[in-house]
Amino acid sequence: MNRALKIFVFFVFCSCCAGIYIYKSADFFDGGTKTYFAIADDALGLLRDSDVIVSGVVAGKLDKIGLENGKAKFTLKISKDLVVYENAKIEKVMESMLGTYVLSLEPGDSSAPVLPENSYIKNVKTASGLSSAMDKVAEIMEKTDALMEKVMERENQDKINKIIDLLVKTTENTSQSIDGNMKLLSSVLKDMADVMQKVNAKSDTEMEKLSQVLKNTLKVTDRIAEISDGKDEELNKTLDDLRNSLKLIAEELAASRGAMQDVREITSNVNQITEKVANGEGTVGKLLNDDKLYNDIAKVSDKLTDYADTLLGMKVYVDAHSNYMVFDNSFKTYFDITLQPRADRFYLLGVVDDPRGNVSHTETTRTTVVNDTTYVVNDDKTVVTDNLKFNLQIGRIFGPVALRGGIFQNKAGFGLDYNPWKYISLSAEIFDFSGSAAPQLRVQGMARPFLWTMEPFSWLYITAGGEDLINGGRDLYFGLGLRFDDDDLKSIVGSVPKP
Amino acid sequence: MVEFIARFLRSLRRFLQFFTDCCRWLFCPPFRFGQIAEHIEKIGLQSVPIVALSVFTTGMILSLQLINIMYIFRAETFAGAAVAIAMSRELAPVVTAIVLIAKNGSAMTAEIGSMKVTEQISAMETMAVSPLRYLVVPRIFASILTFPALTAIANAVGVYGGYFVAAHVMGVNSVAYNHTMFFFVDPDDIWTGLVKAAVFGFIVTVICCYHGLQTSGGAKGVGRRTTAAVVLSTVAILVADYIMTFLFIRFLGM
């Protein structure tokens, strides 16, 4: 094997090893990332490169942990595809029992404006999940301990014992009073029944009996009054003690009632919100209850999807670039369209305007006799047919590497693309195995230094490389090109005024 | 003692002179691409199997030891991260460099030393061909390019060696092993390893070629110089590794 080819294959292999390894460890996000910051009280358990998850899906990385005004400052790299609003929340949650944490991001909703890049996410909660629950338990335990200490104090124990004694006595007295009076009450009720019968009878004798009943009733009333007079003081004292003790207990319990109060308030707020939603108030309420609004949104969404699908149906990249051939002192221009129906497959159609054209050499040998001497003459004829060449290739993508095969400038061949970074692409093509000469090797590096800028500068890229490197017709080149995709096409089509 | 110090200082001066000449000629055309390609083939392509075998076994041993230790904490999946970080930051560049010193560094010294004792170097100088530009500079270029390239292969092979032992011998969950490995390894770890390898390539070649050019005393002298070159290169890359690691930690935070 040719030494140059061996070295080329060696370096391509090494580049692939390093590139794939770097790519796998780099956690790139499609479409790039944007930066946000957050200030938190506690960064314990978080590491550089810890995941930022949205609904359990990794959507970014914790790029840096620093200090700002004595608090932890997080620098977050979030996927560019994710829209983050000003009401976004971020929370530190435990990833595993090993004590590692991740950041859970709630990106917020459209009720708040979109949060610009390099801004601070204001709602940050770092004590959460298991640690938060443990904190609450510790707090409750502290309060319980304090309560128990107070209860166990001698003075309070005496009070409680006294309360219990008084409660026992009061219960006994009350029971006795009720027993005594129940008999009287029974007699009164019997008398009352008799009175009612007599009243109905309306006789004088019966009226006398009624008088007797009333007397008896008076006696009962007096008797109750006597009982009450005798016990009033004792009863009042008991009730006072009971009231004081209950007040003491109520005060102690009030201290641990804060959390319950919070829960009640939250529940109350949730009830209010759900009531509003159920009544169709607010944006969410309208969305849930207004069928017409929902149908309108669904129709608009369907129409947009149809529009995008019918417009292109697949990813399309349009590429036009021109290379200055250094040794040939000419320009070679390419126009390619890449159709990508799936993430791992693409088709490339292209036209190449090559000033050198298709060069074919014809060597003929003839004999000439001059003055009886026979001469052998070799005629070397070079024919340049046409300037326009075609590319028709099919490619498969394997992560950062793409393999291509098909027609390269009217000749069969195959190629390898390596995209270690979105700004840089390296390509190698080998084609034209037909002639006696070695196949044509074309190596190209492409850089997109303006990709981070606004359109149309982001479409610009620069190229450099060499053509036909193995044979004598080798040439070096550099050039400039434009490359845009179907998203750009959509915006261009969308901005064209309708007739 | 005084004689020893004076000899040491004279050698140091000669080495520094040689070192600065090498640095200067690295940037002066013409670059002998044919020579460079020849040395890339010798140092790079022909060393792939031995480098791969060395780091593969290194990765296996490291993985075996770490899994046994981490099993105590039921954290054997984290061995993947430890193997990958150790491999990309330190082991791949250092082991590759040591293997290349043994295989190519010694060969460089012996080859140039033999040329010196057979007066081929003198003949070149007589023909106004600089031995430094003709013999040393192409080797330096080749080493600067091939050491990182072989280190890249060593990284991949070493990590696979660790994975092989973990997944197929020790029965560690392969998915968890890979997950923790790629979670903790950063592209910066790999880049720093490759930068170290390029510097090692430069150091090894300069030392070995210097000893070759300083050879005297026939075949015995060649042997003595070859041994000295191998020992000095090995020590030099370990010292350079420490210094570079310190600088990376101090200034780049990695």
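The numbers here are math on the coordinates, done by the rules we state, and not lab data. Here the structure is a predicted model, which is why all the values come from computation and not from measurement. Virtual Cβ from ideal backbone geometry, glycine too; neighbours counted across all protein chains shown.
Please rank B:His168, B:His211, B:His39, A:His321, fewest neighbouring Cβ atoms within 10 Å first, as an exposure proxy. Mind dumping the intermediate values first?
Values: B:His168 10, B:His211 27, B:His39 22, A:His321 19.
Ordered by Cβ neighbours within 10 Å, fewest first: B:His168, A:His321, B:His39, B:His211.
How big is D, in µm² s⁻¹, for segment B:34-252 by Stokes-Einstein at 25 °C and 0.890 mPa s if Rh is the Kirkwood radius over C-alpha pairs?
Working: Rh = 18.4 Å.
It diffuses with D of about 133 µm²/s by this estimate.
In nm, to one decimal, how far is the modelled label at A:Ser268 from the one at A:Val137, with both set 7 Å along Cα→Cβ?
3.0
How high is the relative contact order of segment B:65-181? Use alpha-carbon pairs under 8 Å, at least six apart in sequence, and give a whole percent. Can you show the working numbers first?
Values: 74 pairs, mean separation 55.0, N = 117.
It rounds to 47 percent for segment B:65-181.
Would you compute, from DSSP H runs of 4+ residues alone, the mean residue ellipticity of chain B at 222 nm, taking -39500 (n - 2.57) per run and dividing by the full residue count, rounded to the nearest 500?
On the way: 11 runs with 191 residues, N = 254.
The per-residue figure over chain B is -25500 deg cm²/dmol.
Among A:463-474, B:23-34, how do they line up by average Cβ neighbours within 10 Å per residue, starting with the highest? Before the final figure, lay out the partial values.
Working: A:463-474: 16.3, B:23-34: 11.2.
Per-residue mean Cβ counts within 10 Å order the peptides as A:463-474, B:23-34.
Counting alpha carbon pairs within less than 8 Å and at least 6 residues apart, what relative contact order, in whole percent, applies to segment B:34-252?
Working: 316 pairs, mean separation 76.0, N = 219.
Value for segment B:34-252: 35 percent.
Where does each of A:175-188, B:229-242, A:113-126 land if you order them by average Cβ count within 10 Å, highest first?
On the way: A:175-188: 12.6, B:229-242: 17.7, A:113-126: 15.6.
The packing order, highest mean first, is B:229-242, A:113-126, A:175-188.
Once the Cβ-Cβ distance between B:Phe8 and B:Lys220 is put in as r, and R0 is 35 Å, what FRET efficiency do you end up with, to the nearest 0.05?
That pair, B:Phe8 with B:Lys220, gives E of 0.95.
How would you order A:142-149, B:139-146, A:104-111 from highest to lowest mean count of nearby Cβ atoms within 10 Å? List each step's numbers first, then the result.
Numbers: A:142-149: 12.1, B:139-146: 24.2, A:104-111: 16.2.
The densest-packed peptide leads the list: B:139-146, A:104-111, A:142-149.
Evaluate the charge dipole of segment B:1-132 about its Cα centre and quote only its size in Debye, nearest 20, assuming +1 on the Cβ of each Lys and Arg and -1 on the Cβ of each Asp and Glu.
Numbers: 11 positive and 9 negative charges, 59 e Å.
Rounded to the nearest 20 debye, it is 280 debye.
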